[in-house]
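A.B. asks: To start, I am sharing the structure in question, which I have written as structure tokens.
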Amino acid sequence: MDEITGLRERKKAATRLALHEAALRLAAEHGPDGVTVEAIADAANVSRRTFSNYFSNKEEALFHGDTVRLRRLLQLVHERPVDEPPWTALSRAAERFTPEAFGGRDRSWLPQRRQLRGHPGLAAHQVAAYTAIERELATELAPRLTGADVALRARLLAATFLAILRVAIQHWIDHPDDQLLDTVRAALAEVAPPTASPDRTSTADD
């Protein structure tokens, strides 16, 4: 039974990825406004109904990659020692996340991202992908905090970190000759809480 369930989940993941990649490819060819749900489904060789089983609209399909990467980031934070200070946990998770999520990407991905980011109707959807993970990240951070207003402070810390990461990645998309990891490190260090001691030399193996 576990094997059957695992196979079913892998097939679902493959279909979801195929729809996401079809959406990106069509957006690059025709512009985001020229993409329809029907065209995405046809390009992925599935029905319109199948598309609806995975995504509620084309925007969700376009930004599926962001959702996957952010869930991986959440997992990396969860794996940090619980007694580690929150900003240290976030920074070290980012150290692993950045090369893992973006290190092996073909440079053809960059024009696609610029096109999506530059479309006024899609900006809110990208921000929404980050906002959707914010509450879960705050839940991960809360046990690392002490004192008053832990829930509020955890939410603020999560929102700040995710905003920094999003801006750093967007900056790198505009300046791809820079190293993304260096950009992320610099952004985190720039706004680190006063009690944090950012370690610019830390590595993914820490």
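A.B. asks: Rolling a 1.4 angstrom probe over the protein heavy atoms, how many square angstrom per residue are accessible across the range 13-152?
C.D. replies: Result: 51 Å² per residue.
A.B. asks: From largest accessible area down, sort Lys58, Lys12; use a 1.4 Å probe on the protein chains.
C.D. replies: Of Lys58, Lys12, the descending order of accessible area is Lys12, Lys58.
A.B. asks: Please name which of Thr139, Ala168, Ala124 has its Cα lying farthest along the dipole of the chain towards the positive end, using unit charges on Cβ (Lys, Arg +1; Asp, Glu -1) and the Cα centre as origin.
C.D. replies: Of Thr139, Ala168, Ala124, it is Ala124.
A.B. asks: Leaving ligands, DNA and RNA out of it, work out the accessible area of Glu59 with a 1.4 Å probe and give it in Å² to the nearest 10.
C.D. replies: Approximately 40 Å² for this residue.
A.B. asks: Over the range 1-111, what per residue volume does the convex hull of the Cα atoms give, in whole Å³? Walk me through the numbers before you get to the answer.
C.D. replies: Details: hull volume 15.8 nm³, N = 111.
Convex hull of Cα atoms, per residue: 142 Å³.
A.B. asks: Let me ask something else. For the chain, what % of the accessible area comes from carbon and sulfur atoms, probe 1.4 Å? Can you show the working numbers first?
C.D. replies: Numbers: 5960 of 11390 Å².
It is 52 percent, rounded to a whole number.
A.B. asks: Here's something else I'd like to know. So, taking all protein chains as they sit and a 1.4 Å probe, how much accessible area belongs to Asp149, in Å² rounded to tens?
C.D. replies: About 110 Å², rounded to the nearest 10.
A.B. asks: Here's another thing I want to ask about it. Helix 150-174 against the longest principal axis of the chain: what's the angle in degrees, Cα atoms only, rounded to the nearest 10?
C.D. replies: 60 degrees
A.B. asks: Relative to the longest principal axis of the C-alpha atoms of the chain, give the angle of the C-alpha long axis of helix 109-118, reported between 0 and 90° and rounded to the nearest 10°.
C.D. replies: 90 degrees
A.B. asks: Heads up, I need the accessible area for Leu17: 1.4 angstrom probe, whole protein in place, Å², nearest 10.
C.D. replies: Near enough 80 Å² of accessible area.
A.B. asks: How far is helix 64-79 tilted off the main Cα axis of the chain, in degrees rounded to 10, range 0 to 90?
C.D. replies: Between helix and principal axis, roughly 30 degrees.
The values are calculated or read from the model by the stated rules, or taken from the named source; none is laboratory data. As the structure is a prediction and not an experimental result, all values here were calculated from the model. Cβ sites come from the backbone with ideal geometry, for glycine too, and all protein chains shown count toward neighbours. Calculation scope for accessible area: heavy atoms of the full protein, side chains included, ligands and nucleic acids excluded. Shrake-Rupley method; radii C 1.70, N 1.55, O 1.52, S 1.80 Å.
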